[in-house]
Amino acid sequence: MNGARGFQNLETLFKYRLFKNAEHEFVMSAGLEIEWGGSGAQSVGSERFNVYTPTIFFGKGFGDLPTSLNWARPFAVTGQVGYSIPGLSKTVSATINPDTGEQDIDTEFISRVLNWGATLQYSMPYLKSAVVDLGLPDFVNRLIPIVEASFQTPVSNTATSGTVTTGTINPGIIFTGKTYQVAIEAVIPVNRQSGSSVGIIGQLHFYLDDIFPNTLGWPIFANNINTGRPMFGR
Amino acid sequence: MRIIVTTIALILATAGCAFAHAHLDRASPAVGSTVTPAPNEVVLWFTNQLEAAFSSIEVRDEKGASVQAGKASLNRGNRTQLRVPLKALSPGTYKVMWRVLSVDTHQTQGDFTFRVGP
């Protein structure tokens with residue numbers, strides 16, 4: 001992948017909140033993620049076919065811990081489990097063998113994959129607004145240290161891929177602005193099949209509902225109350 | 001090759017990760033603080049302007065009894081500032097629960113405690 005550049009495939013996510021308990025800072029949602037095949041650059045590994053991933057998400061904040069554990073109340077965990085269903089079950093390619101001049105047929109089976117992962121994060125904005133205002137600089141009060149873990153386990157149609165779980169552990173930090181957030185994380189492979197060295201990922205998010213509060217950000221349904229604890233994760 | 005992945009992801013997020021709604025910026029008494037003497041009001045500053053009719057503060061003592069001396073009111077000269085008068089407080093821990101509607105129509109809520117020292 002040395003020198004590779006280009007966009008990955010476009011991904012869209014339709015998400016519906018199934019359950020919310022504000023008192024215990026717990027939320028569970030279901031969604032369908034679609035990776036639109038052919039919308040990205042093949043040089044960075046983007047596939048030519050769609051991938052559909054129904055996913056369950058959950059988030060839990062620990063603001064309901066007793067005040068004797070105040071230091072732990074800004075912690076939150078998020079998690080997700082999804083099942084990726086590719087739009088193709090296999091690809092077939094033909095090449096000419098340079099030694100024999102004969103045509104070789106290669107068949108690659110595209111496995112269905114269990115995607116699972118979690119994050120652990122510590123919200124300095126929550127510490128300041130709900131636990132204790134330590135009078136720290138504004139920059140520090142906007143930080144969220146985070147560790148993400150993301151794994152992929154092939155579960156069917158695995159003749160080509162095998163069944164070894166791959167994934168990465170990503171420690172990093174998020175800075176939350178008024179209408180955006182930026183994050184930088186290290187990407188550490190969990191085994192040889194996941195990669196051979198450490199990488200870096202940067203993310204820039206825009207809050208469309210705050211940038212366009214009267215159009216894109218207008219609430220579709222009433223009673224959409226934000227508790228002030230953001231949860232970040234994939 | 002030291003770096004296997006270098007990615008800049010540009011993500012358009014919608015509600016759920018919102019920060020520029022009216023969130024609590026600071027408070028008097030400060031969040032988690034111990035104060036002496038007892039304050040006669042709680043003042044909250046938010047990160048966005050508020051709608052007065054749909055913004056409120058409740059303050060309760062350790063037994064859950066309300067200790068407000070009146071309704072919360074918005075500062076007309078600074079619509080990010082909401083205040084509520086208090087009855088005479090004795091030493092103890094008090095919980096402040098706020099629920100506000102920002103001018104961009106998004107609701108937020110939260111709570112914190114402060115302590116009145118002997």
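The values are calculated or read from the model by the stated rules, or taken from the named source; none is laboratory data. Owing to the predicted nature of the structure, the values given are computational and were not obtained by experimental measurement. Note that we place each Cβ from the backbone using ideal geometry, even for glycine, and neighbour counts take in every protein chain shown.
The residue list A:14, A:57, A:49 contains one member that is in a loop (DSSP other than H, G, I, E, B), among the aromatic types (Phe, Trp, Tyr), modelled with pLDDT of 90 or more and on the phi < 0 side of the Ramachandran plot, which is A:49. Can we say residue A:105 is on the phi < 0 side of the Ramachandran plot and either at pLDDT below 95 or of a type in the set (Asp, Glu) (or both)? Yes. Considering each residue of the stretch A:6-27 in turn, at least one proves to be touching a helix residue (DSSP H, G or I) at 6+ places or on another chain (Cβ under 7 Å) and not polar (S, T, N, Q).
Table: residues versus (1) farther than 15 Å from residue B:53 by Cβ; (2) surrounded by 14 or more Cβ atoms within 10 Å (Cβ to Cβ); (3) more than 11 Å from chain A (Cβ to nearest Cβ).
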residue: B:79; (1), (2), (3): no, yes, yes
residue: B:88; (1), (2), (3): yes, no, yes
residue: B:101; (1), (2), (3): no, yes, no
residue: B:107; (1), (2), (3): no, yes, no
residue: B:110; (1), (2), (3): yes, yes, no
residue: B:114; (1), (2), (3): yes, yes, no
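All conditions in (1) at pLDDT below 90; (2) farther than 27 Å from residue A:163 by Cβ hold for residue A:74, with the sole exception of (1).
Residue by residue, here is whether (1) modelled with pLDDT of 95 or more; (2) of a type in the set (Ser, Thr, Tyr) holds:
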| position | (1), (2) |
| --- | --- |
| A:158 | no, yes |
| A:174 | yes, no |
| A:188 | yes, no |
| A:196 | no, yes |
| A:209 | no, no |
| A:214 | no, no |
| A:221 | no, no |
| A:225 | no, no |
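Of the residues making up the stretch A:60-77, not a single one is closer than 25 Å to residue A:8 by Cβ and touching a residue at least 12 places away in the same chain (Cβ under 8 Å). Checking each residue of the stretch A:64-71 against the condition of being farther than 26 Å from residue A:22 by Cβ and at pLDDT below 95 gives no match. Of the listed requirements (1) within 11 Å of chain B (Cβ to nearest Cβ); (2) over 24 Å from residue A:202 (Cα atoms); (3) within 15 Å of the chain's Cα centre (by Cα), residue A:131 misses just one: (3).
Taking the stretch A:115-217 as the region of interest, the strands (runs of 3 or more DSSP E) fully inside it that hold 3 or more residues being within 30 Å of residue A:93 (Cβ to Cβ) and out of contact with any Asp or Glu (no Cβ under 6 Å at 6 or more places or on another chain) are A:143-156, A:166-176. The strands (runs of 3 or more DSSP E) found wholly in the stretch B:19-61 and carrying at least 1 residues that are surrounded by 17 or more Cβ atoms within 10 Å (Cβ to Cβ) and more than 11 Å from every other protein chain (Cβ to nearest Cβ) occupy B:41-46, B:56-60.
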